[in-house]
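A quick write-up on the structure given underneath.
What follows draws every value from the coordinates through simple rules; no lab data is involved. For clarity, every value in this text was computed on a predicted model and none was experimentally measured. Here the Cβ positions follow ideal geometry from the backbone for every residue, glycine too, while neighbour counts run over all protein chains shown.
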Amino acid sequence: MSIEIYSTELPDVKIIKPRRHIDSRGFFSETYNKKALAEVGIDLDFVQDNHSLSVEKGVVRGLHYQTRPFAQDKLVRVIRGSILDVAVDLRKSSPTFGRHVSARLSAEDWNQILVPIGFAHGFCTLEPNTEVIYKVTNYYAPDHDRGLYWNDPQLGIQWPVSPDQALLSEKDKHFPQLSELLDLF
């Protein structure tokens, strides 16, 4: 697996770009290779794959995280369409607590984002029929499933959709703001 790793404004969040081998038939790509990632310092044990389809442009999913002992690292990629992906640092002892990083992920660009434990994660679809696949390092645990309000003014996230046009689940509409969170990480 040939990969490129890019740093973001939050050092623990990484952009990963696997190589695509393109010829007249199409392409081939190793989208995940544990050994190759470990060689560049990303040594995680992914245990579950998740797949979402968002039919409309402007769907916001998140900002989600799980608490310990079921906290999750996530490796996110888009297989159809595009998203604005967001990670928010929830580690109160971190110098970047409350800061976020965003990145455009798309099937065309073939990039991925690694969101480590201690970060809330979410995204907004930039086009209809967008499919997102992500690997996680812990199983879904409903009793540890939490969220952060997606449009908390304190976060300053520049979402590509207005609050009155964003399509959210009922659960995501009622998450607490950053100032209301406990010290979880």
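Only alpha carbons enter this Debye calculation for the chain, each as an equal point scatterer, and the log10 of I(q)/I(0) it gives at q = 0.10, 0.12, 0.17, 0.20 Å⁻¹ is -0.38, -0.55, -1.13, -1.56.
Helical runs assigned H by DSSP (4 residues or longer) give the chain a calculated mean residue ellipticity at 222 nm of -1000 deg cm²/dmol, each run adding -39500 (n - 2.57) before division by the residue total. Taken along the Cα-to-beta-carbon direction at a fixed 7 Å, the label points for Arg80 and Ala38 span 3.5 nm. The label-point distance for Leu167 and Tyr6, in a model that sets each label 7 Å from Cα toward Cβ, rounds to 2.8 nm. Here the Karplus relation 6.51 cos²θ - 1.76 cosθ + 1.60, evaluated at θ = phi - 60°, turns the backbone of region 169-185 into coupling constants of 6, 4, 4, 5, 6, 10, 5, x, 7, 4, 5, 9, 6, 7, 7, 9, 10 Hz, with x for every Gly and Pro.
Which part of region 31-53 falls in the paramagnetic zone of Arg19, meaning amide N under 16 Å from the point 7 Å along Cα-to-beta-carbon? Within reach of a label on Arg19, which here means backbone N under 16 Å from a point 7 Å along Cα→Cβ, region 31-53 contributes 31-40.
Each label was represented as a point 7 Å from its Cα along the Cα-to-Cβ direction; for Phe28 and Lys92 these points are 5.1 nm apart.
Normalised by the number of residues in region 45-178, the average gap of Cα pairs under 8 Å and 6 or more apart makes the relative contact order 39 percent.
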